[in-house]
Amino acid sequence: MEDETRRDDKQKRPKSNNEKEDVINQLPEGIPINILSKLLIHEAARTSILSRKWKNLWTYFSGTLEFHGSPIMKDMKKDMKKITGRSLQMAMEIMYDAERQTYINWINELLASLRSSSLRGLKVWFPMKNVSDIDNWIRFAVRKKVGKLELYFGRAIDYVLPLQLFKAERFDSLCVLRMKSIIVTEEMLEYLLCNCLLLETLSLVDLEVPKTMKVSVSGLPLKLKCLELVRCLELTKVEIFAEKLVSFKYYGPNLETEFKSVSCLVEASFGGSFVEFVRESFMLQIKMLKLDITQNSHEVIYWLSQLPMLNNLKDLELVACGDDGIILSACEILLKASPSLCRFTIKTLNTKPTFSTEHKFPKECQYSIKELELVGFCGGACEVELVMHILENAVELKKITIDTRLPTKPKLRPLGEEHFKTWNCKENRMHAWQLKDRIPPSIEFVCL
């Protein structure tokens with residue numbers, strides 16, 4: 001009996017530090033590095049205190065490195081926006097530059113410590129001034145054969161993506177490339193498409209690019225599945241030959257387009273003043289569509305009326321602001337052109353709603369919508385009439401979501417900042433619950 005009691009006490013006794021260390025050290029080879037690579041790099045580095053075996057194990061980290069600027073840099077940026085005096089502003093800029101250099105030195109020391117032969121990804125996303133540091137980071141990414149590369153160095157530097165750095169070593173591991181506010185030459189773009197044969201996602205935002213962009217490789221099949229071109233203002237023509245392309249996004253001015261062999265394309269997103277997308281033959285196969293008409297004038301209604309019947313469209317998102325008449329007319333046209341639509345999301349930026357409207361929807365309609373979501377709801381007549389119209393004509397409607405929060409960042413929109421200071425979520429939520437009283441109990445109602 002005594003022996004059994006002693007054995008039970010031994011089982012219940014907490015393990016000592018030495019016993020815990022033994023458990024850690026007994027993990028199969030390769031498992032610890034896999035664990036570390038799923039952490040953030042600073043979390044991985046902290047594991048060096050676990051045991052002697054783990055002291056330098058973090059240096060074989062092979063996950064994704066992300067650098068967004070230090071917390072102090074971010075706080076200083078916020079403070080600089082509030083400062084009005086020129087001398088104080090200059091002093092803050094000097095301190096910011098010093099903090100940024102400290103952060104850059106830390107990055108360089110960290111990269112020099114890593115011994116792994118490859119990395120899952122590298123993201124550098126904060127304002128820079130020194131080109132040589134950027135070149136070294138890109139050289140590091142090529143040498144480590146990253147699968148995902150994301151680059152943004154701010155608008156204060158005109159950085160040209162250097163072709164010679166990519167040619168220095170074989171760089172065929174890249175699957176995802178996202179760049180913002182960088183200059184990309186025609187030769188650089190051609191090299192990426194011809195040599196990065198695993199590239200599936202290419203996102204170019206606020207980039208200076210060639211006037212004509214050819215997304216194709218002669219004699220080679222592209223694996224590209226997602227292409228995003230946002231505010232590339234120099235672009236006037238794009239030619240796309242990508243049989244595996246699934247998703248295409250374009251926000252910007254009107255441009256000449258040529259799409260060939262895009263039979264897999266089922267997701268599309270358009271914004272800016274570009275309206276000629278309605279003529280594209282691939283629109284007939286689109287299943288998910290996002291339209292941002294916040295930059296468009298009344299002519300957008302004419303162009304939307306030229307849309308063919310989108311028989312395959314299942315998910316539609318409309319982003320609009322301002323004129324109630326434009327919003328309701330756009331909704332009417334899009335609903336009529338989408339007989340198979342299941343989910344409809346409307347994001348409105350209407351900070352001065354009217355509580356009466358002259359727009360009248362046609363009486364006899366039939367929609368297949370199952371889910372309706374209104375984001376940026378403030379209880380205007382435009383929104384209420386739209387909800388009631390869909391309620392009356394969508395017999396399969398299961399759920400309505402009313403989101404009273406602002407749908408997007410104010411700085412991205414044409415409305416002045418003063419308008420957004422008047423946004424009253426509490427009052428908007430009150431209007432939403434008043435609307436709920438008019439919705440049948442069989443339909444799920446969600447208010448955010």
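The values are calculated or read from the model by the stated rules, or taken from the named source; none is laboratory data. Note that the structure is predicted; figures quoted are calculated from it, not measured. Here the Cβ is made from the backbone with ideal geometry for all residues, glycine too, and neighbour counts use every protein chain on show. Accessible surface areas use protein heavy atoms only, side chains included; no ligands, DNA or RNA. Shrake-Rupley method; radii C 1.70, N 1.55, O 1.52, S 1.80 Å.
For ASN34, project a label point 7 Å along Cα to C-beta. Then give me every residue of the range 93-131 with its amide nitrogen under 19 Å of that point.
116-121
Suppose R0 equals 30 Å. What FRET efficiency, 1/(1 + (r/R0)^6) with r the Cβ-Cβ distance, do LYS167 and SER340 give to the nearest 0.05?
0.05
Quick one: if the Förster radius is 41 Å, what FRET efficiency do TYR302 and ASP79 give, using the C-beta to C-beta distance and rounding to 0.05?
Working from the Cβ atoms, E equals 0.30.
Once neighbouring chains are kept in place and the probe is 1.4 Å, which whole percent of the accessible area of the range 232-296 is contributed by carbon and sulfur?
Using a 1.4 Å probe with all protein chains present, the range 232-296 comes out at 50 percent carbon and sulfur.
Suppose the chain between SER118 and GLU186 were pulled fully straight at 0.36 nm per residue; how much longer would it get relative to their current alpha carbon spacing?
21.7 nm
Under 20 Å from a point placed 7 Å out from the Cα of ILE72 along the Cα-to-Cβ direction: which residues of the range 95-118 have their backbone N that close?
Residues passing the 20 Å test: 95-111.
Given a 1.4 Å probe and every protein chain left where it sits, what share in percent of the accessible area of the range 107-225 is carbon and sulfur?
Whole-percent figure for carbon plus sulfur exposure: 48.
Collect residues whose amide H, placed 1.01 Å from N in the peptide plane, falls under 5 Å from the amide H of LYS347; neighbours closer than 5 in sequence don't count.
Here LEU318, VAL319, ALA320, VAL375 satisfy the definition.
What's the tally of Lys pairs in the range 69-158 whose alpha-carbon atoms lie under 21 angstrom apart, where the two lysines are 8 or more places apart or on different chains?
Taking the Cα cut-off of 21 Å, the pair count is 10.
For the range 271-335, with every protein chain kept in place, what is the accessible area per residue (1.4 Å probe, Å²)?
Heavy-atom accessible area per residue stands at 39 Å².
Probe radius 1.4 Å, ligands and nucleic acids left out: which of ARG231, ARG343 has the largest accessible area, and how do the rest follow?
ARG231, ARG343
Only sites in a loop by DSSP and with at most 14 other Cβ atoms within 10 Å count here; which trypsin sites (Lys or Arg not before Pro) in the range 37-119 make the cut?
LYS38, ARG52, LYS53, LYS55, ARG115
Report the net charge of residues surrounding LEU265, where surrounding means a beta-carbon distance below 12 angstrom and charges are Lys +1, Arg +1, Asp -1, Glu -1.
+2
Suppose R0 equals 41 Å; then what is the FRET efficiency for ASN254 and ARG52 from their Cβ-Cβ distance, rounded to the nearest 0.05?
According to the calculation, E is roughly 0.05.
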